[in-house]
Every structure is written in C-alpha cells, then in structure tokens.
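*Asks:* Have a look at this one before I ask anything.
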Amino acid sequence: MLSRPAMLLGGLLLAVAAVTVAQRRGQEAGGRRRAHRVQHGQCSYTFVLPEPEPCPPEPEAFGSSNSLQRDSPAAALNLGDWPAQRVRQLEKVLENNTEQLQKLERYIQMNLRSELAQVQQHMVQNQTATMLELGTSLLNQTTAQTRKLTDVEAQGEQHVQRPSSGTVRASSRNIQEVLNQTSRMEIQLLETSLSTNKLEKQLLLQGHELHRLQGRNSALETRVQALETQQQAELASLRGEKERLRRLLGRQSGALAGLERSLRAASSNSSLLQRQQRQLLESVQRLVRVVAQEPASVRAAEQVFQDCAEIQRFGANVSGIYTIHVANMTEPRKVFCDMEANGGGWTLIQRRENGTVNFQRNWRDYKQGFGDLAGEHWLGNEVVHQLTSRAAYSLRVELQDWEGNEAYAQYEHFQLGSEGQLYSHGHHPARLEYLH
C-alpha cells in the first residue's frame with residue numbers, strides 16, 4: 001500500500017525540481033550565483049541561485065528627456081528577444097532536469113521502496129498530504145509565474161513592434177517582480193527541501209527503529225518457539241510420568257487389596273490366637289504354681305484320695321493333675337483338679353478349648369476316656385459313674401465365647417448312671433449365670 005505514496009512523493013519532487021531549475025535557468029543572464037547543497041539519502045544535490053539584480057534605473061538616468069529618441073530599434077529588438085531566449089533556455093534546462101529527476105525518481109523508487117514499505121501507514125499518509133499541499137502551493141505559484149513570463153514574452157513581442165520607454169520600464173518592473181518572486185520561490189523551495197530532508201531523516205530513523213523492532217520480534221518469536229518446544233517436551237514427560245504413576249497406583253491398589261484381605265483373615269484368626277495364648281498362659285501359671293507347691297503335691301500324691309475335694313482339704317490349692325483312687329476301680333486314675341473356680345476342689349471331667357482333640361468318638365473311647373488332661377480331654381463315663389455313685393456331687397459347666405465373654409451353669413445334684421443304664425444322668429434344675 002506504500003508504493004503509491006512513494007510514486008506521488010517522487011512525482012512531487014520531480015515537479016518542484018523542474019520548476020525550480022526552470023526559474024534558476026532564467027536568471028543565468030547575469031549577476032553572481034549562490035550555491036545551495038541538499039543531501040537526499042546517499043545523493044547530494046547542488047542548486048545554483050543568482051543574486052538578485054538591482055532595479056533598473058529610471059528613465060532620467062539614461063540622459064535628458066529625449067533619451068527615448070536615442071534608443072535604437074536594435075536595442076529595442078534585443079530587449080524584445082530576451083524573454084523568448086530565456087524561455088527557450090528554461091525549456092532546455094527543464095528537459096535536462098526532467099530527465100535527471102526521472103532518473104532520481106527511479107533510483108528513489110528502487111532504493112527507498114523497501115524502507116517506505118516499513119513506515120507506518122498513517123505517518124506516510126500525513127507526510128504525503130503535507131507534501132501534496134506544498135507541491136500544490138508551489139505548482140500554483142509556478143503556474144502564476146509561468147503566466148507572468150508568458151505575459152512578459154507577449155509584452156516583449158509587442159515591444160519589438162512598438163518600442164517605447166513606458167513599455168521598457170513596465171517590462172523591467174515585470175522582470176524584476178518575476179525575479180523577486182522567483183527568489184522567494186527558491187527560498188520556499190529550500191525550506192521545503194529542508195522539511196523534506198527532515199521528514200526523510202525521520203523516515204530513516206523510523207525505518208531503523210522498525211528494523212530494530214523486527215529484530216527483537218524475531219528474537220522473541222525464536223524464544224517463544226524454543227519455550228513452546230520445551231513446554232511440549234515437558235508436557236510429554238509429565239504425561240509419561242502420569243502414566244507410570246497410574247500403573248504404579250494400580251499395582252499398589254492390588255497389593256493393598258491383598259493386604260486388606262490378609263488383614264481381615266488375620267483379624268478373624270486373632271481372637272482364636274488370643275484365646276490360645278491366654279489358655280497357654282493359664283496352663284503355664286498353673287504349672288508354675290504346681291512347681292512352687294511341689295512339697296504339698298508330693299504329700300498329696302503319697303495319700304489316697306477319692307476326688308479333688310479331698311485333695312483340697314488336705315491342703316493342696318494349686319490347679320493341676322492329681323491321682324485319685326476311685327471306688328470299684330482296680331487302678332488309680334489321674335484327674336485334673338481346679339482349685340480356683342468357685343472355691344476350688346472341682347474334678348474336671350471335660351475340657352474343650354481349641355479343637356485340637358476330636359470328640360467324634362465311639363462308645364468305648366467315651367467309656368474309658370481320651371485326650372490330654374492338661375488340655376482337651378474327656379475323663380471317661382465309667383469314672384464319672386463311680387464318682388457320682390459314691391457321694392452327692394454338683395455339676396458346674398463353664399462357657400466362654402470367641403469374644404471372651406464367660407457364663408456358667410451349676411447343677412446342685414448330679415449323678416451319672418451305669419453302663420447298663422447307658423450312662424444316663426440325673427440332676428436338679430441348674431442356676432445359670434453369666435460372667436463378664
């Protein structure tokens with residue numbers, strides 16, 4: 001979009017320079033010249049301006065009142081030819097300068113196109129408008145001067161036909177006025193050139209600033225691309241880490257589920273283990289008490305007792321395994337005596353704790369007894385029958401659940417029948433109590 005303002009700017013410079021050269025060429029006839037140098041980019045331009053000539057003398061300065069009579073036709077003819085010659089010279093110079101300015105325009109279009117393309121649009125439009133206004137003003141003034149020169153040429157031709165002192169003075173005044181206006185236009189052109197140079201410098205500075213900003217923008221774009229690449233790499237790494245953690249979490253979840261199942265199984269077995277541990281501890285304590293009271297136990301072993309109550313009355317107060325002699329039985333029998341429950345002296349006929357002994361037995365095993373007296377066992381139906389047939393006995397049944405809650409039932413009168421009676425039992429109603 002900046003190519004058209006560039007063409008307008010070049011055309012404007014061409015027009016202004018052409019008019020200026022034409023005006024300067026018109027003043028080469030005489031007088032000293034002033035050189036003015038203008039720098040435009042890498043090119044410099046020198047403008048040669050003539051010094052303003054003094055005003056022509058009044059008619060009285062030529063002599064007496066009949067000086068007009070001394071003017072020869074040749075002088076009048078030379079005075080009339082002067083504007084035409086100057087116009088032709090101006091046309092030639094204008095053509096030469098037009099060619100030079102066209103070359104300059106092409107050079108500007110070739111070399112400044114890239115710079116002008118980077119200038120911001122609004123600045124170019126503002127500067128173009130300013131230059132157009134200046135160019136329009138200069139063109140208007142040039143048109144006016146051209147008209148005046150045309151008038152002068154016409155007047156010169158008239159003077160060739162009818163020379164007179166009045167016309168000479170009028171032509172001199174017109175020429176002087178044209179020269180003065182030309183000088184003013186040259187000054188305005190110089191001011192315009194200076195303004196143009198200032199604008200060009202501003203354009204160059206802005207072009208450099210745009211180049212610098214483009215360089216920084218390129219650096220920032222490179223940095224942003226590097227950051228994006230790094231971010232993509234980090235994101236891919238985080239995704240891989242997330243996937244790895246997800247798989248690890250799945251494995252840990254499976255392991256935790258297995259541990260939870262194992263923990264539930266262990267919890268279900270912990271109460272059983274605790275009960276076994278408590279029973280073992282009680283057995284150890286009983287054994288310790290038995291060992292501590294070994295003399296009394298030895299003395300009790302030397303005596304003959306029919307049940308645990310007699311052993312307790314003899315002085316033994318430690319729960320443990322003792323030997324009794326049951327009536328109507330040829331051999332002594334080992335039994336476990338509980339010296340702690342409900343005052344002690346209880347003969348233990350059955351113990352079931354942890355299921356280590358199988359109680360699914362036949363008739364003979366239940367008759368003779370089975371198991372370990374220190375652990376799970378059944379004393380034997382025949383022994384219980386012989387004990388309960390000799391004297392009155394009470395039956396105490398102690399219970400304990402898996403949570404450690406205890407209860408018992410006590411029958412005040414208990415007796416077990418003989419084998420012929422199928423070891424049937426008889427008892428009075430029991431008193432049931434729960435212990436916590």
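What follows draws every value from the coordinates through simple rules; no lab data is involved. These numbers were taken from a predicted model, which means no experiment stands behind them. Here the Cβ positions follow ideal geometry from the backbone for every residue, glycine too, while neighbour counts run over all protein chains shown.
*Asks:* Note down the magnitude of the dipole of the stretch 317-436 about its Cα centre, charges +1 on Lys and Arg C-beta and -1 on Asp and Glu C-beta and zero elsewhere, to the nearest 20 debye.
*Replies:* Using Cβ point charges on Lys, Arg, Asp and Glu, the stretch 317-436 gives about 480 debye.
*Asks:* Only counting other Cβ atoms within 10 Å, I'd like Leu190, Leu227, Leu416 sorted with the fewest neighbours first.
*Replies:* Leu227, Leu190, Leu416
*Asks:* Taking neighbour counts of Cβ atoms within 10 Å as a proxy for exposure, in what order, fewest first, do Ile187, Ile324, Ile311 appear?
*Replies:* With the sparsest Cβ surroundings first, the list reads Ile187, Ile324, Ile311.
*Asks:* Among Cys337, Cys308, rank each residue by its count of other Cβ atoms within 10 Å, from fewest to most, as a rough exposure measure.
*Replies:* Fewest-to-most Cβ neighbours within 10 Å comes out as Cys308, Cys337.
*Asks:* Same structure again: Report Rg(Cα)/(2.2 N^0.38 Å) for the stretch 378-420, keeping two decimals.
*Replies:* That works out to 1.45 for the stretch 378-420.
*Asks:* Can you give the alpha-carbon Rg of the stretch 302-436 over 2.2 N^0.38 Å, where N counts its residues?
*Replies:* 1.05
*Asks:* May I pose another question? Rounded to the nearest 0.05, what FRET efficiency do Gln410 and Arg261 have when you use their Cβ-Cβ distance and R0 = 35 Å?
*Replies:* So the FRET efficiency works out to roughly 0.20.
*Asks:* Give the lysines reachable from Lys103 as a straight Cα distance under 28 Å; neighbours fewer than 8 places away on the same chain don't count.
*Replies:* Qualifying lysines at Cα under 28 Å: Lys92, Lys198, Lys201.
*Asks:* How much length is gained on full extension from Gln188 to Thr146, taking 0.36 nm per residue of separation minus their Cα-Cα distance?
*Replies:* Gain in length upon complete extension: 13.4 nm.
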